[in-house]
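Undergrad: The structure follows.
No value in this document is a laboratory result; all are computed from the given coordinates. Bear in mind the structure is a predicted one, so any value in this text is a computation, not a measurement. Cβ: placed from backbone, ideal geometry, glycine included. Neighbour counts: every protein chain shown.
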Amino acid sequence: MQDYIPYSNQGNGNPDADDASIMDNSAIGKDADSLPKAHGTKKTESLNAKIGQSVQQSDVTDYFALNSEAERRISFFAQSLSTAIPEPIPVESMPQFTVFIPHYSEKILMELKEIIRQDSNSKMSLLEYLKTMYHHEWKNFVLDTKILATAKLLSESEKEYTPKVSTSSATSNVGSVKTEKDFVDNKINDLPLYCIGYKTSAPEYILRTRIWASLRTQTLYRTVSGFMNYCKAIKLLHKVENPELEEYFGDAKTFENYLEMLASRKFRLLVSMQRLQEFNDSEEENLKVMINTYPSLFISSLNKEIDPETNETKFYSVLYEVEVKRCNDDSMRNENMLKEKFKILLSGNPILGDGKSDNQNLSVIYYRGEFIQVIDANQDNYIEECMKIRSVLAEFETMENDPDYPYIPSVNYKNKSPVAILGAREYIFSENSGVLGDVAASKEQTFGTMFARTLSAIGGKLHYGHPDFLNAVFMCTRGGVSKAQKGLHLNEDIYAGMNAICRGGRIKHCDYYQCGKGRDLGFNSILNFTTKIGGGMGEQLLSREYYYIGTQMPLDRFLSFYYAHPGFHLNNLFIMFSLEVFLLTVVNLGAMNHELVSCIYNKDTPITDLQLPVGCHNLQPVLDWASKYAALYFANLLFFAIILLTPMVVTLGFEDHLVKMLPQESYGLIQPNHQDNNDTGTRAPKHIMRSKPAVKTVSTFWL
């Protein structure tokens, strides 16, 4: 969810123009900086001011829907502030860090034909599906489009806005209509806007619809848009810490340039596009849109060139920076280009493993700073979470002064292991896309959040990829970010954690910071992911890291590591086998109890006494054992259910969690009708489901 604030609340399009709109690029208008703006800023301000006079205070609920994603995010933000958070350091003293996003063939930006075209396996288009899920945001998006269209029209005609234009489509939602005919005419005039988001086929309006859909699906544009909030957070925090700087610089433009320079020193967003040289025209156009919107991006790629003399193929690792060519009227009309900054000749083809690990190793040399945050291409981040970056980086304990003196014999000195990896929790935003998305999200939350923080406390947590922070100096001098040997490193991320443990590093987990993550939404993709995890675990059993850990770890940490990683899969095998044996035994006992003559059983009678009637079989002790075993099984189920459900109740609330526990058929009947949990019972398009959808007859709780 990204609740969309109309352009009238965004000032001049500058996210830092109003400190009150801290959450503008996420929960309260993530589209604000991503969507193209119309011309005529001064006239737009005048139009917005006059429209705002007619908007009543009671209309605030139009922008903050009840039970929406904004409520969830604000609730988590408030809860996280009550936890034990390290003391933040000033922005000027904050270490530099890099967000690292590997990209291969993931969708950069949704095409218009993908949005409005009806899939053969669905009865609705992707845009219709998204409008149904985010109908509140779509209404605000249409209102924003109408305001921009009217502002552009007034700018071109060079006419000042007057209240007489109240019959225009731009003010149809805030003005009053005089007759029923005017009302019908306005509705008919606005019909194209509510259908596809625009009335004229101007490129900027088509692009707005594409961006709106891309920010609500699993695209690279959404990931970049989310994690560029770090830049906003750094600038905003520094401005709050030093309020006198704005007066010192005098000129607002000079002050903004200073903040941009500070943010570029503290933060870098690096996208590793392995296939950049092989992009087609559509992908190149989408990439151009992204670098026009976010010119501070750095992009690396693997380039192939033919040597004209030897006719041999040479491989280069290339880092591109964005060369900015600004357009004063519209940032989306910029002609930004990629410019080579570094070009490194490689000894050969670096693709040795399964793809992602090679992509990371190819571009990790271009990171800057002390820490790396590894991210997938289908994630998201929020402005309020980016505000915590100073406390998150303080978890590495690099800024703490050591009070011990190792060269004084009388003082006990204990060398503290450095923090190598810092794990973080994730919110699976695809949980609202059907029962399969809900099941996958619940599974991921159980392991990635509740189980991971427990493993961190007992020393059994490793590195599982996104969105963990890595101590770049420690990791890059001790084996790198990931391994890339084919046939051994299918799960490339976990080897970084094992290397850190074997080489004396610590792995922590922070529960007050979270990122968004998209998960698989189809049967086939979920099964393929499970197969990958299981196959990777089989390969890990062959690795030398497992030998070192199994022979060198103390017993407590070894058991924690075993039951969290290989023991999980082995225990699943034993559990399934034991259940089959137990059921077979119970069936045989039931058949024997029905066919055979049972003895008169008295537990106080010695076993040497004669059993009556003669020729009977004493099955009662075995039956008592089976009943006690079944009772113990349900007691354990209840015990673990309480452990798992308590954090969910604390996070979601009792009512929402009770609804989520019910079977999906009942869940659809009693589910609250709000925008982010809207279930229409209609099959999602192929872009969302990725495979055939599930029949909604299975309970999420029992799975």
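Undergrad: Which order results if Asp520, Asp609, Asp380 are arranged by neighbouring Cβ count within 10 Å, fewest first?
TA: Details: Asp520 22, Asp609 8, Asp380 26.
Arranged by neighbour count, lowest to highest, Asp520, Asp609, Asp380 become Asp609, Asp520, Asp380.
Undergrad: Where Rh is the Kirkwood radius over the Cα pairs of the range 597-660, the temperature 37 °C and the viscosity 0.692 mPa s, what D in µm²/s does Stokes-Einstein return?
TA: 212
Undergrad: If you don't mind, another one. Calculated FRET efficiency, Val324 and Asn303, Cβ-Cβ r, R0 30 Å, to nearest 0.05?
TA: Computed FRET efficiency for Val324 and Asn303 comes out at 0.85.
Undergrad: Let me ask you something else. What per residue convex hull volume, in Å³, comes out for the range 170-260 when only alpha-carbon positions are used?
TA: Roughly 179 Å³ of hull volume per residue.
Undergrad: Where the centroid of each part is defined by its Cα atoms, how far is the range 183-198 from the range 454-491 in Å?
TA: If we compute the Cα centre of each part, the gap is 52 Å.
Undergrad: When 1/r is averaged over all different Cα pairs and the result inverted, which Kirkwood radius in Å belongs to the range 481-566?
TA: About 14.8 Å for the range 481-566.
Undergrad: Quick one: which of 191-200, 356-365 comes out on top by average Cβ neighbours within 10 Å, and what's the full order, highest first? Kindly include the intermediate steps, with their values, before the conclusion.
TA: Working: 191-200: 15.8, 356-365: 22.3.
The densest-packed peptide leads the list: 356-365, 191-200.
Undergrad: Show me 488-495, 258-265 ranked by packing, highest mean number of other Cβ atoms within 10 Å first.
TA: Result, highest mean Cβ count within 10 Å first: 488-495, 258-265.
Undergrad: Excluding Gly353 itself, calculate the net charge of residues whose Cβ lies under 14 Å from the Cβ of Gly353, where each Lys or Arg counts +1 and each Asp or Glu counts -1.
TA: -1
Undergrad: Please report the relative contact order for the range 597-660, taking Cα pairs under 8 Å with a sequence separation of at least 6, and give it as a percent rounded to a whole number.
TA: Reported as a whole number, the value is 26 percent.
Undergrad: Take the alpha-carbon positions of the range 245-386, form their convex hull, and give its projected area averaged over all directions (one quarter of the hull surface) in nm².
TA: 12.0
Undergrad: Now a separate question. Which value does Rg/Rh take for the range 239-300 over its C-alpha atoms, Rh per Kirkwood?
TA: Reported Rg/Rh, Kirkwood definition of Rh: 1.18.
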